1. Would you mind finding the one in Y88, Y102 that is in contact with a helix residue (DSSP H, G or I) (Cβ under 8 Å, 6 or more places away or on another chain) and among the hydroxyl-bearing types (S, T, Y)?
2. If only one of A34, A66 is at pLDDT below 90, among the small types (G, A, S) and either in the same structural domain as F89 (by TED's automatic domain parsing) or under 30 Å from Y88 (Cβ atoms) (or both), which one is it?
3. Can you pull out the residues in region 39-67 that are free of Cβ contacts under 8 Å to residues at least 40 places away in the same chain and among the small types (G, A, S)?
4. Which of (1) under 30 Å from K122 (Cα atoms); (2) surrounded by 13 or more Cβ atoms within 10 Å (Cβ to Cβ); (3) in contact with a helix residue (DSSP H, G or I) (Cβ under 8 Å, 6 or more places away or on another chain) does A8 not meet, given it meets every other one?
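The values are calculated or read from the model by the stated rules, or taken from the named source; none is laboratory data. Bear in mind the structure is a predicted one, so any value in this text is a computation, not a measurement. Reconstructed Cβ throughout: ideal geometry from the backbone, glycine too, with neighbour counts over all protein chains shown.
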Amino acid sequence: MKSIHRTASGRKAKELRAEARAWRNEARKIRAAAPMLEPAARLREEEAQRLEGEALEALKEARLEAVTIYLGDVEKTTAKGTKTYRYYFASWKVGDRVVNKYIGSPRKMTPEEATAKARELKRQDLGLRPEGEN
C-alpha cells in the first residue's frame with residue numbers, strides 16, 4: 001500500500017518499517033552467531049512482526065490523509081450579470097482515477113473543517129468504517 005502525499009502517518013509507517021527491519025536483521029545476526037540463542041532471535045522476530053502490523057495501520061491512515069483541499073471559483077450567470085462564488089473542493093486518487101468532490105462554502109466552514117469533511121467523504125468512497133466505529 002502506497003500513499004500519494006507525504007503525511008504524518010506515512011512518515012510514522014516508514015519509521016516503523018525501518019525499526020522492524022532492524023529487529024529482523026538483529027534476529028538474523030543472533031541466529032548466525034549462536035544457534036542456541038534461538039529464543040532471543042524469536043522474540044526479535046515477534047517484535048518485528050508487531051511493528052509491521054503497526055506500519056500497515058499507519059499506512060491505512062496515511063491513505064485517508066492523502067487528500068488535496070482547494071478553493072475553486074464557480075461563475076453563476078443570472079439576469080443581472082455574472083457573479084463568482086468560491087467553494088471548497090477536495091480531490092484524491094482511487095486506483096487510476098482522480099475523484100473531485102464539492103465540500104462546501106468557505107463562509108460556512110474553516111479549512112480544518114473542510115479537511116475533516118473531505119477525509120470523511122474519502123472514507124465513505126473507499127468503503128471504510130466511520131472514524132468513531134470499531
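1. On the way: Y102 fails: in contact with a helix residue (DSSP H, G or I) (Cβ under 8 Å, 6 or more places away or on another chain).
Only one candidate passes the filter, namely Y88.
2. Unique residue meeting the criteria: A66.
3. A40, A41, A48, G53 - these are the residues of region 39-67 that are free of Cβ contacts under 8 Å to residues at least 40 places away in the same chain and among the small types (G, A, S).
4. Status for A8: all satisfied but (2).
Yes or no, residue by residue, for (1) modelled with pLDDT under 90; (2) on the phi > 0 side of the Ramachandran plot; (3) exposed (fewer than 13 other Cβ atoms within 10 Å of the Cβ); (4) not in a strand (DSSP E or B):
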{"residue": "R44", "(1), (2), (3), (4)": "no, no, no, yes"}
{"residue": "E52", "(1), (2), (3), (4)": "no, no, no, yes"}
{"residue": "L71", "(1), (2), (3), (4)": "no, no, yes, no"}
{"residue": "T77", "(1), (2), (3), (4)": "no, no, yes, no"}
{"residue": "Y85", "(1), (2), (3), (4)": "no, no, yes, no"}
{"residue": "Y88", "(1), (2), (3), (4)": "no, no, no, no"}
{"residue": "V98", "(1), (2), (3), (4)": "yes, no, yes, no"}
{"residue": "K108", "(1), (2), (3), (4)": "no, no, yes, yes"}
{"residue": "E112", "(1), (2), (3), (4)": "no, no, yes, yes"}
